[in-house]
Amino acid sequence: MLLALLLAAQAAGAGTLATCSPPRDPQQRSWTLVRQDAGLLIVFRSKTLDTPQVELRLPGASPVVAGNETRISFKSANGGRSVEWRITKEDSTLDLYVNHGLEVNVEADLDPAVDLMNTEGSIVVHCGPPSPAESAATDRETTAAEWQFALGAARSVNLFQSTSGRSYAVQTIGWGRQLTQAWGPGFLRGRFAWAVEAMPVFAQFSPSAIYGIGVAPVVWRWNFVPQSSWSAYAELAMGGMWSTEPIPEETSRGNFTAHWGAGFRFGRGPAAWLLSYRFQHFSNGNQLGSNPGVNAHVVLVGWSHRS
């Protein structure tokens, strides 16, 4: 079955060939072999990653089928990536080495997390055809969903008719999903995500006590390519807020909200600590003939979970 799949994929010129994993591996690592027109692609998954997968291209490489065995042998010109992969119906072996520091000079967009793909020598793996769900996820590069929970403190500033001297706290809960493959040049490379965010708690402490709730159905987030133990993002959001008293005074209790900001996730697994900053604005959107509002610097700390 495995050999037939490899032969069929080789003839077709593209597709997912096989997935191999070490037996009883606590890191739950797997290496999926994908054939592309320009060569081969290895898709790596592991509990140690903070994204669903990491990719390593083998330009010009192709599998060699002999009897019941398939071999992949590849080595880059500078020695920064090499693969010796023997796939059989029983125990298979994989020896993969990649050095991001060397290979990023050849492939500028290479994910630093490729270093986690190393097998540290030849290891025994069990290989088989991927499940339909796994194959589909690899071939279309399905990306992560994320929950965020955060608490923040804010201080308003005098800018564009806004009032300064306000202090307030917020609690936010958000959910989003990445919608694109990784693209972009150099350090800007990343994936686009759409999220929604609820603000179940808004509490102004000064100059008066005011409480409110809010929701932002539009949160556009750019998730930069993650590093080995942290990742960063930038975002732009739009929504609305309702409060017990007008904010600021002589306006309405319902306001439009918007913010732009950036954040960091710290952690190698799906769960991570979250630290973010946003410049937040809310105002009535000129509904009352004037548009007084509040602009504030907000710092949030919290928790992120990606799946």
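Whole-Hz Karplus ³J(HN,Hα) for region 248-253, in order, using 6.51 cos²θ - 1.76 cosθ + 1.60 and θ = phi - 60°, x for Gly and Pro?
x, 5, 6, 9, 9, 7
Can you run phi through the Karplus equation (6.51, -1.76, 1.60; θ = phi - 60°) for region 191-208 and list ³J(HN,Hα) in whole Hz, with x for Gly and Pro?
3J(HN,Hα) across region 191-208, in whole Hz: 10, 8, 10, 10, 10, 10, 9, 9, 10, x, 9, 10, 9, 8, 9, 9, x, 8.
Per the Kirkwood definition applied to all pairs of different Cα atoms, how many angstroms is the hydrodynamic radius of the chain?
Values: mean 1/r = 0.0457 Å⁻¹.
Radius from the Kirkwood sum: 21.9 Å.
Computed over the Cα atoms of region 190-307, what is the convex hull's projected area averaged over all directions, in nm²? Don't skip to the end; give the middle numbers.
Numbers: hull surface 30.2 nm².
So the Cα hull casts an average projection of 7.5 nm².
Spelling out what I want: for every residue of region 162-174, take phi, set θ = phi - 60°, compute 6.51 cos²θ - 1.76 cosθ + 1.60 (Karplus), and round to whole Hz; glycine and proline get x.
Ordered by residue, 3J(HN,Hα) equals 8, 9, 9, x, 9, 10, 8, 10, 9, 10, 10, 9, x Hz.
Kindly rank 63-69, 219-225 from highest to lowest mean number of other beta carbons found within 10 Å of each residue.
On the way: 63-69: 11.7, 219-225: 20.1.
Taking the mean over residues of other Cβ atoms within 10 Å, the ranking is 219-225, 63-69.
Coordinate-derived values only; no laboratory data. This one's a predicted model, so the numbers in the text were calculated from it and none came from an experiment. Methodologically, a virtual Cβ is constructed for each residue, glycine included, from the backbone with ideal geometry; neighbour enumeration extends over all protein chains shown.
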